[in-house]
1. Kirkwood hydrodynamic radius of the stretch 147-291 from all distinct Cα pairs, in Å?
2. So if I place +1 on the C-beta of Lys and Arg and -1 on the C-beta of Asp and Glu, and nothing else carries charge, what would the dipole magnitude of the chain be about its Cα centre? I want it in debye, nearest 20.
3. Treating cross-link reach as a plain straight distance, find the aspartates and glutamates whose alpha-carbon is under 14 Å from the alpha-carbon of Lys255, omitting any fewer than eight places away in the same chain.
4. Put one equal scatterer on each alpha carbon of the stretch 333-487, apply the Debye formula with no solvent term, and list log10 I(q)/I(0) at q = 0.10, 0.19 1/Å to two decimals.
5. Would you work out the charge dipole size for the stretch 12-219 about its Cα centre, treating the Cβ of every Lys and Arg as +1 and the Cβ of every Asp and Glu as -1, and quote it to the nearest 20 debye?
6. For a protection proxy built on the mean count of beta-carbon atoms within 10 angstrom, sort 219-227, 124-132, 262-270, 432-440 highest first, please.
7. So what's Rg/Rh here for the stretch 441-524, counting alpha carbon atoms and using the Kirkwood radius for Rh?
8. So what's the net charge close to Ala182: Lys and Arg +1, Asp and Glu -1, counting the other residues with Cβ under 12 Å from its Cβ?
Amino acid sequence: MSAAAFPPDGLAVLEQEIIDHLFQLQPSYAVGLGLHEYDGLLPDLSKPATDGWMRIADDLLVRLDAVGEEPLPAGRETDLLLLKLLLESPLFDLRSVSDLERNPMNYLGMASLTAYLARDYAPAEHRVEAIARILAGIPRVLRDGRDRLRSPLPRPFIDLSLSIGSGLPSHFAEAEQFAAAAHLAHDVRPVRVEAEAAVTDFLSWLRDVELPNATPDFALGPSRFQRLLYVREGIEESFEEIRRAGSVDLARNQKRLEEIAREENRTVAELLSEVGESHSTAAELIPTARSFVDETRQFVVDHALASVPEEAQCRVEETPAWGRALSTASMNPPGPFDTTSTEGVYYVTPVDPKWTAQQQEEWLRSLNRPILKNTTVHEVYPGHYLQFLHFRRASGSLARKVYLSPSFVEGWAHYCEQLAVENGLGRESPLAEVAQIHDALLRNVRLLVAVGLHTGGMSLENATELFQKEAHMERLPAEREAIRGTFNPEYFCYTLGKLAILNARTRFLDPQFGGRLRAFHDALLGLGAPPVGLLDTLLADSAGA
């Protein structure tokens, strides 16, 4: 790992110890950051192992408190807080939420091989070895899952686990094909067969034993939801304040959408229908996405929105078959510690040729040109891919290189959608802004539903209806969004992060950065991906306030 940018101090040795301890529990997180010495490792999720991990984490927190009693170099006070959050966040999941006792997705998620298939960061032999080690460890992980999970399990968690698990055999087969291309299939095939059998047994147990006894209860409750905001994002303001801010942004977006409809002499429904009709053919979908990558990159440069490093290079690929059920588009970026490649992979899910003509048309309407361009802004330029290029270059401590705030990452990408429209992307047609607002409404409702489901007794039916009414969604996708909120309350992160960045822009852009967007955005991205609760403090420090 890279050395801290600050002078040696009493925190440095403990900082490294804490990061190493975190990665024992979350080696896949380390791999995603580009630390490939963790390739092929799976955590021990048995109860004795995680109990031991928590005891050491508690001791590390005590030692952090002792370090905090002494004066620290400039900036290290923030790093002290980041290190505390890096420990308190998994402790919250393990101890307060008992996530390993209630959510089967934790165990099935260990079976992902994407990190080794998506990017050519190392010789095939190394990546195949890592794949084989993961596959060999999956039966043990799933046994730990069966030992730890406690009936009754939340019904939505079981349903999605069954969906995820059903796609794993094709994912394993893809890994074997990758190995075969390197003449190493013999290293993967035996462990793939055993891993697939373990997954099949695990899913059968969920379906036959746990599903009939499932409970509809999934909510965190107000106190745990409030704690979640702190351990993930350093936020101390109440969730009610956050809900109110989300409601205000929802109303603003709805008002603007209605204004556009009046200006165009259409209803909102007609506008949204027109957006859907503006789509490519199945054969044009991926080439269109590639053209949008080039267009949005040039737009960022021409409008001086943020610095684009010379090494920026992003390729567009079809989403792998195993991931298509849960993803429309996604970004696989280089991690901040990855020294082998700066390339990003932008995945777009194509039309399935086995679908009916009606299903294919519905998919193309949902991934229409205005929405696909808005998605490209979010995923590539100036969104996730550009953000991670800056993250790689950011100076700072080890803690700042490791901390990855969901609300900063997704908030930046979501903010970029509004930023692009504000600066004229797609100005030739009102449909560009309609698509941007449509996506913003979805994120607004996610925030309201997350708070409602987990603190206010909102039912899944009420959540579904809210997506239908306020985000203008059809029944089926609205139901899927509502269900996602049961196991992923943090999908509030899009709107929460966007609003934090907009507030920071209002406070800091003119006085500290001379009114220049690029200078502000470069300073913002130079922070890494810190918890948004610290955003104002960190920007003030970077501006010399």
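1. Values: mean 1/r = 0.0471 Å⁻¹.
Answer for the stretch 147-291: a Kirkwood hydrodynamic radius of 21.2 Å.
2. Details: 53 positive and 78 negative charges, 84 e Å.
Using Cβ point charges on Lys, Arg, Asp and Glu, the chain gives about 400 debye.
3. The reachable aspartates and glutamates, counting only those whose Cα sits under 14 Å from Lys255, are Glu263, Glu433, Glu470.
4. -0.47, -1.25
5. On the way: 19 positive and 33 negative charges, 132 e Å.
Around 640 debye, computed over the stretch 12-219.
6. Values: 219-227: 15.4, 124-132: 20.1, 262-270: 11.9, 432-440: 24.6.
Answer by packing, highest mean first, reads 432-440, 124-132, 219-227, 262-270.
7. Numbers: Rg = 16.6 Å, Rh = 14.1 Å.
With Rh from the inverse mean 1/r over Cα pairs, Rg/Rh is 1.17.
8. Numbers: positive: Arg127; negative: Asp120, Glu125, Glu129, Glu176, Asp187.
Cβ neighbours under 12 Å give a net charge of -4.
Where a number appears in this text, it was derived from the coordinates with a stated rule and is not lab data. For clarity, every value in this text was computed on a predicted model and none was experimentally measured. Because the Cβ atoms are built from the backbone with ideal geometry, glycine has one as well, and the counts that use them run over all protein chains shown.
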